[in-house]
Each structure stands twice: as C-alpha cells, then as structure tokens.
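The values are calculated or read from the model by the stated rules, or taken from the named source; none is laboratory data. On a predicted model such as this, the values are computed, not experimentally measured, just so you know. When we count neighbours, we look across all protein chains shown, and the Cβ atoms used for this are built from the backbone with ideal geometry, even at glycine.
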Amino acid sequence: MSSMSDSIGFLSVKRHAEHGYFGGYLIVNPLARPLEFHCTMPVRPTRAQELLYGSTLDDFLCGEQIAAAMVGKAKLKPEWLFTDCRAVLALTGAVAGHVLYVDLPAESTTGAAWMPPAGKLPSRTLTVESYRFEVLPECRITENELAERLQGLAPYFDLAEPFQRITEALLEAHPIARAA
C-alpha cells in the first residue's frame, strides 16, 4: 500500500441524463502530477437493476461497480482516495485505504449535462481547513489525521482541480457526452 507521499487517488463518477454513468480515476503525486488514469465506458443500469436496487442504485453502480472496477485495474494503490461523488463511499471496505467524499461546489466539477449521483449510505462529517469531507462510520480517520496527511501536499494543491481534469478527460474520451 502506498503512502500519501507516494500517490493520491481522485475518483469521480458522473451521471449523464442521456448516456448513463461515466467514471474516471486519476492517481497523482503530491505535486498533482498524474501517475495513472483510468476511465469507464458509459454504464446504463438495466430496468431490473433500477427496480431491485431502488434508491440504493447509485451506491451500487458508482461504488460497487464502476469505482471498484477502476480501482481494481490500477497498478498503484493509494492509501487515500478522494471522490466528488458521494455514492463512491460504497467502495469503503472494498479497498485497504481511506475513501473520502469531498464536498465541492457543483460548478467546480460538473457541466450542464452532468448530474451528481446521490449516495444513500450514512456518513459522518470531517472539516479540515476550508474543506468538508464525508466518510462512512466504519472509516476510523480523525480530523487531525486527515489534516496531517493534507499537510504533505504541495501548498498550492487544490483538491477540486483533479476532479476538473477527470471531467475534461471523460469528455475527451467520450465526445458523445459533450453533444447532449
């Protein structure tokens, strides 16, 4: 398992009204330079999944299916994985590291055609500097531990910026999503 000084994961899943769910996983070093990138093809839930999973569909698709597939393919295994998609918290427990939802302004990570998938899992809130995070109750990280880890990043490191890169890369990889 990598330490914070080696790599940091940023994972985003976006739901497009017409084309379904798109996932992107960017692993960077503490200077925000890319080390690895993965993305998915669009994923559309079946009618049976919509009926059976109901309000937990986003948690299942985003966390257990899309995020788990990208994390599983990655060569690097960061101890810290940040997401701008609350439903990705469902990945907690399936990875050895910490999964943290970063509550960012909607305009910083989405375009007009993108909708953030909603997560239904219970969480607890951590606040460090100007950032608000959510983690699942079983994640034992404290605000002090998180603050200590974030200090290892370059002083200009903006946690929202890697998500913007992921969104742009998804639009580049899937031009059909841009056209809607």
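Return the only residue of I8, I27 being crowded, with 17+ Cβ neighbours inside 10 Å and either among the basic types (K, R) or farther than 18 Å from E168 by Cβ (or both).
Testing whether each residue is crowded, with 17+ Cβ neighbours inside 10 Å and either among the basic types (K, R) or farther than 18 Å from E168 by Cβ (or both) leaves just I8.
Being surrounded by fewer than 16 Cβ atoms within 10 Å (Cβ to Cβ) and farther than 25 Å from E168 by Cβ, is that true of even one residue in the range 94-103?
yes
Residue check, E36 against (1) more than 13 Å from the chain's Cα centre (by Cα); (2) closer than 30 Å to R149 by Cα; (3) surrounded by 17 or more Cβ atoms within 10 Å (Cβ to Cβ); (4) not hydroxyl-bearing (S, T, Y), all met but one. Which one?
Exception for E36: condition (3).
For the range 121-180, name all the residues that are among the hydroxyl-bearing types (S, T, Y) and surrounded by fewer than 16 Cβ atoms within 10 Å (Cβ to Cβ).
T125, T127, S130, T142, Y156
State yes or no: is L100 modelled with pLDDT of 85 or more and within 20 Å of V28 (Cβ to Cβ)?
So L100 fits the description; yes.
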